[in-house]
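Everything on this sheet refers to the single structure shown next.
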Amino acid sequence: MSNTQPTSQNLSDSRDCPATPDQPVLERIATRDGQIGTGLMIRRALPNPQRRMIGAWCFLDHIGPRDYGRGQGIAVGPHPHIGLQTFTWMIEGEMMHRDSLGYAQVIRPGQVNIMTAGRGISHAEDAVNDDPGHLHAAQLWIALPDAERHRAPAFDHHPELPVVEDGGFRVTVLAGAAYGQTSPARVYSPLLGLDLRCTDAAEIAIPLNPNFEHGLLVLSGTATVLGEPLAPGTLLYLGIGRATLAVLADAACQLLLIGGEPFDETVLLWWNFVGRDPADIAKATDDWNAGLGFGAVSGSPSPRLTAPDLSGIQLTSR
Ligand code: MN
């Protein structure tokens, strides 16, 4: 995906939010409605003025669930990324990924695409056909640590992920490790991503790494977490220092749990770029608009995106 039209308000600086707490907390953070392209409605949970990142997770869009009419599906033309990994978790529906390394990969329900931008990649994401039907997905970005952010770009498709059953929930290990199972997705900092779903009333105590900060998002249905009723549209930030998390559901629901070691580097996020310094962002913007350094994407029916104008945005050096 491509970030929505950026303005000076959505330059995201990882230091521009409250400091990471050193203990468990409970913060309800409202997601913001957004739109990508002409009709793809999303709820953005990260970045947010209250929390810019959870571990290295620096971006979280919840897409759908929604029915799309003919010609109304995903159509995000070629666009660039630097300094991050895009992480797509497909729940319902399909999408075609094409990138400048030459990969063309359909992602289907239960599958993960992870694209490592490193020093630069471009990709496009489109509906598989013009009748996209039902779509439900999450797209996340993971900031690469400074020592890894200039690495060569890469793309991995994971058609199967580890699944365990606990307390009436079906738990899919999307990233990192839980319940003795490790996701095959290559990541470059200690982090966790779990999908949890139940089809009836269920109760689970999820084991957590107390060195991680965590956040929980309901994707469908409702749940109760530490006495907090939760529904789609609210990210529950949990802080650090928890060894377990009790989740109660009265009926079918689906949740996304993310976590990681607090990311101790400054991260600037603007449009589709993650950098450390305004110069990183400015160079990537200029290079993309000049057609330099990001390769080319073949086969997308959608037009190439142009990086927005940076000139009205104060990117002060720190
Ligand atoms: Mn993208």
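Figures for the structure shown
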| item | result |
| --- | --- |
| Pick from region 35-60, criterion more than 16 Å from the ligand (Cβ to nearest atom) and in a strand (DSSP E or B), ranking: farthest from GLU125 (Cα to Cα) | ILE54 |
| Of all residues in region 276-310 being of a type in the set (Val, Ile, Thr) and not in a helix (DSSP H, G or I), the one that is surrounded by the fewest Cβ atoms within 10 Å (Cβ to Cβ) | THR306 |
| Selected residue (criterion: nearest to ASP264 (Cα to Cα)) from residues of region 18-48 that are free of Cβ contacts under 8 Å to residues at least 60 places away in the same chain and of a type in the set (Lys, Arg) | ARG44 |
| Residue list for region 220-254, filter: part of a strand (DSSP E or B), closer than 23 Å to THR20 by Cβ and out of contact with any Gly (no Cβ under 7 Å at 6 or more places or on another chain) | VAL225, GLU228, LEU230, THR234, GLY239, ILE240, THR244, LEU245, ALA246, VAL247 |
| Lone unmet requirement of (1) out of contact with any strand residue (DSSP E or B) (no Cβ under 6 Å at 6 or more places or on another chain); (2) at pLDDT below 95; (3) of a type outside the set (Asp, Glu) for SER302 | (1) |
| Number of the condition not met by GLY233 [criteria: (1) under 26 Å from GLY110 (Cβ atoms); (2) crowded, with 22+ Cβ neighbours inside 10 Å; (3) in contact (Cβ under 8 Å) with a residue 40 or more places away in the chain] | (2) |
| Flag if LEU217 is in a strand (DSSP E or B) and touching a residue at least 60 places away in the same chain (Cβ under 8 Å) | yes |
| Some residue of region 245-266 being in contact with a His (Cβ under 9 Å, 6 or more places away or on another chain), among the hydroxyl-bearing types (Ser, Thr, Tyr) and more than 16 Å from the ligand (Cβ to nearest atom) | no |
| Single residue of region 219-230 satisfying the filter (of a type in the set (A, V, I, L, M) and farther than 21 Å from CYS58 by Cβ) that is surrounded by the most Cβ atoms within 10 Å (Cβ to Cβ) | ALA223 |
| Residues of region 1-34 satisfying the condition of being buried (at least 16 other Cβ atoms within 10 Å of the Cβ), part of a loop (DSSP other than H, G, I, E, B) and at pLDDT below 85 | MET1, SER2, ASN3, THR4, PRO6, LEU11, SER14 |
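The values are calculated or read from the model by the stated rules, or taken from the named source; none is laboratory data. Bear in mind the structure is a predicted one, so any value in this text is a computation, not a measurement. In this analysis, Cβ positions are derived from the backbone assuming ideal geometry, glycine residues included, and neighbour counts consider all displayed protein chains.
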